[in-house]
1. Hey, how many Å between the Cα centroid of the stretch 120-168 and the Cα centroid of the stretch 174-224?
2. What is the distance, in nm, between label points placed 7 Å from the Cα along the Cα-to-Cβ direction at Lys197 and at Leu290?
3. If r is the Cβ-Cβ distance from Leu180 to Leu20 and R0 is 30 Å, what FRET efficiency results, to the nearest 0.05?
4. Let's test this: bin the Cα-Cα distances of the stretch 81-147 at 10 Å from zero up to the farthest pair and state each bin's percent.
5. Ignoring everything except DSSP H segments at least 4 long, calculate the 222 nm mean residue ellipticity for the chain; use -39,500 (n - 2.57) per segment, divide by total residues, nearest 500.
6. Nearest 0.05, what FRET efficiency do Glu45 and Ala87 give at R0 = 30 Å with Cβ-Cβ as r?
7. With contacts defined as alpha carbon pairs under 8 Å and 6 or more residues apart, what's the relative contact order of the stretch 207-258 in percent?
8. In the calculated pair distance distribution of the stretch 162-248, what percentage of Cα-Cα distances lie above 15 Å?
Amino acid sequence: ARINRTVWMTYANLTIKPQLPIGNNFTINGEAGLTLVTRTGIIDESGNALVSDANFASYLVGGGVKYNLNKRQGLNFSVVYTPVKEAIKQPHTTFISAGFSTKLIPYSSEQLDRTAKLGYFFPKQIIQAGYASNIIGYGVNNVVSTNILPIFWGGNCEIRQGVTLNYMRNIFHGAKVFSLDWGAGFSYLETNKLEEKIYALSIYPVFRLMYLHSRQADAYFYYSIAGPTYTSRAVADNVDLGGRFTFQDNMGTGLFIGENKKTNIELRIGHYSNGNLYTRNGSLKIPLTLCFGYVL
């Protein structure tokens, strides 16, 4: 019988990328480094591996060109190549990409001083504690992970409840809207079906967009993606998570309120998965989490 299925492959790369300006408008670059390749193969109805799973390290080389529209924005084109792996019948891979890039240029101290006097607020450090519960279900998770609104991820293993402790520190912010923090956190989670316990340690980036500013409160949209995480379990509720290394993702909204806006309230959902670094990529679905924090 003919089988029509897809072989999935994931490439995680660590490269160096030297650049050379050519005149005012063009920059050329080379690229070389290591890649971790994960291949999820095909098994037929009898359990025979038509294409085997694989996980191996290799090298990649490539290069590209950038057209500089101005000092901050540019158009990019690049090609990278990974060689054949004969031992596991893995063909070579050529990846061609094109895109748009922009640089984050720090605001001057004068610009920041002007907006600070108008009351725009960006916390330097936050400590935060939160509690997650599925008491109202996973409706929010499901809505934002469907084809109708695909802005986040769901999960194969649902979390019943959990607690989280976090520390965040600002590393960049604009004058009024955008800020970037880094964070570190610990989470204790309990699965929904078998009530298994999971402990997780994470570091992660935090992107905030301030969408409302007033004397009483500043409101923001929150997104954190691909935070490297170590978990205490590789299997949860009989779902194969692939391994104990995974990534943490969070999305939500929050407020800074109170005297000098020292009090933080945040509502978010979460997700853990390994991004197909392993041949199995079971994921955790974290329900609504209510967080309270204090600005240091």
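Read the figures in this text as sums done on the coordinates, not as results from a lab. Owing to the predicted nature of the structure, the values given are computational and were not obtained by experimental measurement. Ideal geometry is used to build each Cβ from the backbone, glycine not excepted, and the neighbour counts take in all protein chains shown.
1. 8 Å
2. 2.5 nm
3. FRET efficiency, Leu180 to Leu20: 0.55.
4. 11, 15, 15, 26, 24, 7, 1
5. -1000 deg cm²/dmol
6. The formula returns an efficiency of 0.65 here.
7. Averaging sequence separation for qualifying contacts and normalising by length gives 40 percent for the stretch 207-258.
8. So the pairs more than 15 Å apart make up 65 percent of the total in the stretch 162-248.
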